[in-house]
1. If you scan the stretch 59-69, which residues turn out to be surrounded by 12 or more Cβ atoms within 10 Å (Cβ to Cβ) and modelled with pLDDT under 90?
2. Please go through (1) touching a residue at least 60 places away in the same chain (Cβ under 8 Å); (2) in contact with a strand residue (DSSP E or B) (Cβ under 6 Å, 6 or more places away or on another chain) for ASN66 and return the number of the only condition it doesn't satisfy.
3. Please determine, by comparing only the residues of the stretch 1-32 that are acidic (Asp, Glu) and either in contact (Cβ under 8 Å) with a residue 60 or more places away in the chain or surrounded by fewer than 13 Cβ atoms within 10 Å (Cβ to Cβ) (or both), which one is nearest to ILE54 (Cα to Cα).
4. Go through the stretch 33-58 and count every residue that is surrounded by 13 or more Cβ atoms within 10 Å (Cβ to Cβ) and in contact with a helix residue (DSSP H, G or I) (Cβ under 8 Å, 6 or more places away or on another chain).
Amino acid sequence: MIAIKYFGALVERTRCRGEKIDFSDLPLSKLLSELEMKYQLGQFPFSVAVNQKIIDKVNNQILKNNDIVALLPPFVGA
């Protein structure tokens with residue numbers, strides 16, 4: 001199982017703070033493609049973190065059981 005967490009405007013778009021999918025050994029790019037089809041996220045800028053490490057969205061990292069994928073909007077800091 002892979003956990004997906006949404007933040008900021010993505011919570012409003014998906015209408016949830018997170019979800020779990022019953023897959024493992026799934027390429028990150030495939031997951032993002034599936035989420036795009038489900039929620040049309042392309043209009044929202046976001047970064048991706050896997051297990052609390054920011055990675056490139058085009059990364060073909062293979063997601064494993066118990067991985068946590070976070071979709072993070074741009075942060076504004078002082």
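1. ASN59 - this is the single residue of the stretch 59-69 that is surrounded by 12 or more Cβ atoms within 10 Å (Cβ to Cβ) and modelled with pLDDT under 90.
2. Every listed condition holds for ASN66 apart from (2).
3. Residues of the stretch 1-32 that are acidic (Asp, Glu), as a first pass: 12, 19, 22, 25.
Cutting the leftovers down to either in contact (Cβ under 8 Å) with a residue 60 or more places away in the chain or surrounded by fewer than 13 Cβ atoms within 10 Å (Cβ to Cβ) (or both) gives us 12, 22, 25.
Numbers: GLU12: 22, ASP22: 23, ASP25: 19 Å.
By that ranking, first place goes to ASP25.
4. Number of matching residues: 8.
The values are calculated or read from the model by the stated rules, or taken from the named source; none is laboratory data. Please read these numbers as outputs of a predicted model, since none were measured by experiment. Glycine also receives a Cβ, built like all others from the backbone with ideal geometry; neighbour counts cover every protein chain displayed.
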